[in-house]
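Q: The structure is given below, and queries will be raised subsequently.
No value in this document is a laboratory result; all are computed from the given coordinates. Just so we're clear, the structure is a prediction, and the values are computed from it rather than from any experiment. Positions of Cβ are generated from backbone atoms using ideal geometry, with glycine treated the same way; all protein chains shown enter the neighbour counts.
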Amino acid sequence: MRLDGNHEEIQTQSETIDLYLREYLGIEQKDAERIDLLKVKTLSQPYQSQLEFFNDERLDEVTVAVVPDDLWHKGSQPSESAGERQLILVRRSYFEAIENTDEIAWLCHELAHCQAFLDLDSPSEYENYMNKFAFDDLKTEHSYPNNPIERFTFTRQFQYLKGHGKSRGDISALIGGYYEKVDMPFFSRLLDDVFGKEN
């Protein structure tokens with residue numbers, strides 16, 4: 001595990017994160033050492049503007065683990081969060097892309113997960129919200145992504161994108177590259193909240 005930024009600041013935390021990543025990703029120590037740990041507050045643009053969007057100093061302590069592509073396990077999904085650990089995992093090639101850097105603002109989405117966790121009273125409350133449906137009339141077999149936590153995180157992501165010039169159609173096209181057709185009514189409902197209902 002390589003540490004960037006203030007070494008003392010994240011040394012203790014990194015040992016816990018190191019163990020978590022090795023167990024979660026099912027990797028050996030030598031592979032874990034290839035993962036870079038960064039404090040989100042040290043990231044450059046456009047990532048910094050996504051952090052600033054929240055105006056929440058608690059999020060300054062979130063750690064971003066930049067995972068080499070050959071260790072990535074989430075397929076086409078370029079990021080994920082562990083809100084209870086205030087940790088965001090991101091696939092290296094996506095994180096380091098120069099053209100269209102984080103065009104869909106996944107970091108914003110993951111930061112919203114971390115914020116949601118901090119705002120709730122307990123880990124079990126967070127988990128309960130992940131297992132409920134946000135919109136009962138859109139129920140499918142699973143509560144993902146149609147749950148209150150994802151409703152909050154995607155709404156924040158879409159608000160950020162709208163504020164940075166993305167249209168409803170732009171966002172719908174971007175999100176459609178990551179999700180199935182069955183999920184689109186959920187996203188359409190959130191876009192209604194952000195942009196107003198379509199006529």
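Q: P(r) tail for the chain, what percent of Cα pairs lie past 21 Å?
A: Taking all Cα-Cα pairs of the chain, the fraction more than 21 Å apart is 54 percent.
Q: Taking only the alpha-carbon atoms of segment 120-199, what semi-axes of the equivalent ellipsoid follow from 5 times the gyration tensor eigenvalues under a square root, in whole Å, largest first?
A: 23, 15, 11
Q: Restricted to Cα positions, what overall size does segment 1-101 have along the principal axes? Three whole-Å values, descending.
A: 36, 32, 22
Q: I want to check the label-to-label distance for residue 164 and residue 182. Put each point 7 Å from Cα in the C-beta direction and report it in nm to one decimal.
A: Those two pseudo-labels are separated by 3.1 nm.
Q: Still on this structure: Can you spot the lysines whose alpha carbon is less than 17 Å from residue 181's alpha carbon? Ignore those fewer than 8 places along the same chain.
A: In chain and number order, the partners are 139.
Q: Another question, if that's okay. Please give the Cα centre distance for segment 57-113 versus segment 155-182, rounded to the nearest Å.
A: 17 Å
Q: Rounded to the nearest 0.05, what FRET efficiency is calculated for residue 84 and residue 140 with R0 set to 30 Å and r the Cβ-Cβ distance?
A: 0.75
Q: Something else now. Taking the Cβ of residue 70 as the centre, find all other residues whose Cβ is under 12 Å away and add up their charges (Lys, Arg: +1; Asp, Glu: -1).
A: Computed value for this residue: +1.
Q: Next up: Which FRET efficiency, nearest 0.05, do residue 120 and residue 41 yield, Cβ-Cβ r, R0 25 Å?
A: My answer for the efficiency is 0.65.
Q: Quote to one decimal, in nm, the extra length available between residue 195 and residue 174 on full extension: 0.36 nm per residue of separation minus the C-alpha distance between them.
A: Answer, rounded to one decimal: 6.0 nm.
Q: Something else: Among all the aspartates and glutamates, which ones have a C-alpha under 13 Å from residue 30's C-alpha, if same-chain residues fewer than 8 places away are not counted?
A: Output for residue 30: 18.
Q: Moving to a separate point now. Would you please give the FRET efficiency between residue 19 and residue 99, computed as 1/(1 + (r/R0)^6) with r the Cβ-Cβ distance and R0 = 45 Å, to the nearest 0.05?
A: 0.80
Q: Separate question: Relative contact order of segment 120-199, please, whole-number percent, based on alpha carbon pairs below 8 angstrom and at least 6 residues apart.
A: 26 percent
Q: Still on this model: So how strong a dipole does the chain carry about its Cα centre when Lys and Arg Cβ are +1 and Asp and Glu Cβ are -1, to the nearest 20 debye?
A: My answer is approximately 540 debye.
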